[in-house]
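Trainee: Before I ask anything, here is the structure I am working with.
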Amino acid sequence: MLYLLDAGAILNAPGFRFSSEHKYLTTDAVAGEMRDLVSRNFIQAAIGQKSLSIRNPESAALKEISLRSKELGLRLSDADKSILALALEMRSRKRSFTLITDDRSVQNLASALKFRFIDVLHGRISETLKFSKNCPVCGKEYTSYVEECEDCGTRLIRGRKRL
């Protein structure tokens with residue numbers, strides 16, 4: 001089995017160990033989120049032992065993930081986008097994988113894209129959501145990071161809908 005690791009897979013799982021029966025992939029951006037010495041050493045040791053490989057997604061996959069996250073009104077870090085883009089590439093290559101993440105926004109987009117994922121510590125989302133900002137006066141809906149209605153200038157309210 002191939003596992004794609006988000007930072008939470010390592011940071012939030014106290015007993016996490018790499019199994020020789022599986023393959024593990026992550027990205028430079030995710031590995032860069034390991035800021036404490038213990039986590040960095042853990043990652044470097046896994047890479048040195050060939051338990052973990054670093055692979056960066058292509059720009060086309062990153063653009064697709066950025067577009068899809070914007071459509072759902074999600075705020076994702078570069079590391080989040082990179083691991084989701086890698087998942088998108090694996091699917092396009094017809095590789096079976098499981099994404100390991102505790103990040104709710106990552107889980108939300110993974111669910112919308114029909115990626116298989118598991119959580120580590122904080123639980124799995126129960127429904128896929130689309131977030132938007134709405135004008136309480138004129139009703140116009142925005143999915144971007146606009147703070148005021150472009151038509152009437154009213155401060156927008158963040159809302160969500162089930163997909």
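Trainee: Which Cα, out of LEU86, LEU72, ASN12, lies furthest along the positive dipole direction of the stretch 1-105 (beta carbon charges, K/R +1, D/E -1)?
Mentor: Result: LEU86, furthest along the dipole toward the positive end.
Trainee: When Cα Rg over 2.2 N^0.38 Å is calculated directly from the model, which label among (i) 1.16; (ii) 2.52; (iii) 2.00 fits?
Mentor: (i)
Trainee: Simple spin-label model, 7 Å along Cα-to-Cβ: SER96 to THR143 in nm?
Mentor: Label-label distance for SER96 and THR143, simple model: 3.2 nm.
Trainee: Calculated from DSSP H runs of 4 or more alone, at -39500 (n - 2.57) each and per residue, what is the 222 nm mean residue ellipticity of the chain, nearest 500?
Mentor: That calculation yields -10500 deg cm²/dmol at 222 nm.
Trainee: About the Cα centre of the chain, how large is the charge dipole given +1 on each Lys and Arg Cβ and -1 on each Asp and Glu Cβ? Please answer in debye to the nearest 20.
Mentor: It works out to roughly 520 debye.
Trainee: Can I ask one more? Note down the net charge around SER51, summing +1 for each Lys or Arg and -1 for each Asp or Glu among other residues with Cβ under 12 Å from its Cβ.
Mentor: That works out to +2.
Trainee: Which value in nm describes the separation of the simple spin-label points at LYS70 and LYS161, placed 7 Å from the Cα toward the beta carbon?
Mentor: In this crude label model, LYS70 to LYS161 measures out at 1.9 nm.
Trainee: Moving on. What is the sum of charges around ALA85, taking Lys and Arg as +1, Asp and Glu as -1, for the other residues whose C-beta is under 9 Å from the C-beta of ALA85?
Mentor: It works out to a net charge of -1.
Trainee: Moving on to the next point. Exceeding 28 Å between C-alpha atoms, which entries from my cross-link table qualify? They are LYS63/LYS114; LYS81/LYS161; LYS23/LYS81; LYS23/LYS70; LYS23/LYS161; LYS23/LYS63.
Mentor: LYS23/LYS70; LYS23/LYS161
Trainee: Relative contact order, percent, of the chain when contacts are C-alpha pairs under 8 Å separated by at least 6 residues?
Mentor: After rounding, I find 22 percent.
Trainee: OK, next. Count the DSSP beta bridges whose two residues both fall in the chain, then state the antiparallel fraction as a percent rounded to the nearest 5.
Mentor: 45
Readers should treat all values here as calculations from the given coordinates under stated rules, not as data from a laboratory. These figures come from a predicted structure and were not determined experimentally. Here Cβ is always computed from backbone atoms with ideal geometry, including for glycine, and neighbour counts include all displayed protein chains.
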